[in-house]
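Please treat every number below as a calculation from the coordinates, not as lab data. The structure presented is a predicted model; accordingly, all values stated were derived computationally and were not measured. Cβ coordinates were reconstructed from backbone atoms using ideal geometry, including for glycine residues, and neighbour counts include every protein chain displayed.
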Amino acid sequence: CATYLFSEYIGIPRYITGPSMLPTFSASPELIIEETLSAHRYPPRIARGDLIIYRAVYNPTKDVCKRVIGLPGDVICVDPDKALNGAERGEGVEHVIVPKNHVWVTGDNMSNSRDSREFGPIPMGLVQGRVWARVCC
């Protein structure tokens, strides 16, 4: 009963791990509380700067945590001359308009993050929730 009430009204505890969100989160596992976003209960309230949990585009069995930097209608400037995960990309700046029902996300450790710079905008249907709290040890 307590677990149900906690997850229904507060959030879902989950561990996140990996270097893509350094220095916000360490590379070792950290416990966070995820606020579940449900369109049928209320419209999702995602803002620029929010940390979200979403289903990975490259692996549907994996959830990842990234920061939202673009909302529908925003124009994102992507500099392909900068190395992404060690790989050089093309020349010049690319402008991407975030489509309706999508968000643009990046890791805080941009040199070690698989994010919208690689996959493009993330459909809102893949968003599981928003990071609500970090639980200290």
Sorted by average packing, counted as other Cβ atoms within 10 angstrom per residue and highest first, what order do 114-121, 19-26 take?
114-121, 19-26
Taking θ as phi - 60°, what are the ³J(HN,Hα) couplings along the range 100-107 by the Karplus curve (6.51, -1.76, 1.60), each to the nearest whole Hz, with x for Gly and Pro?
4, 6, 9, 9, 10, 10, 9, x
Expected sort for 56-65, 97-106 on mean C-beta neighbours within 10 Å, highest first, is 97-106, 56-65
Using amide H atoms built 1.01 Å from N in the peptide plane, name the residues 5+ places from ILE69, or on other chains, whose amide H lies under 5 Å from its own.
GLY49, TRP104, VAL105, THR106
When Lys and Arg each count +1 and Asp and Glu each count -1, what net charge do the other residues less than 11 Å away from GLY107, Cβ to Cβ, add up to?
+1
Each label point is 7 Å from the Cα along the Cα-to-Cβ direction; what then is the distance between the points at CYS77 and SER26, in nm?
3.7 nm
Using the Karplus curve 6.51 cos²θ - 1.76 cosθ + 1.60 with θ = phi - 60°, what ³J(HN,Hα) values do you get for each residue of the range 71-76, in whole Hz, with x for Gly and Pro?
10, x, x, 5, 9, 9
At what distance in nm do the modelled label points of TRP132 and THR61 sit from each other, each positioned 7 Å from its Cα along Cα→Cβ?
2.9 nm
Under a 5 Å amide H to amide H cut-off, with H placed in plane at 1.01 Å, what residues pair with ILE53 once short-range neighbours are removed?
GLN128, GLY129, ARG130, VAL131
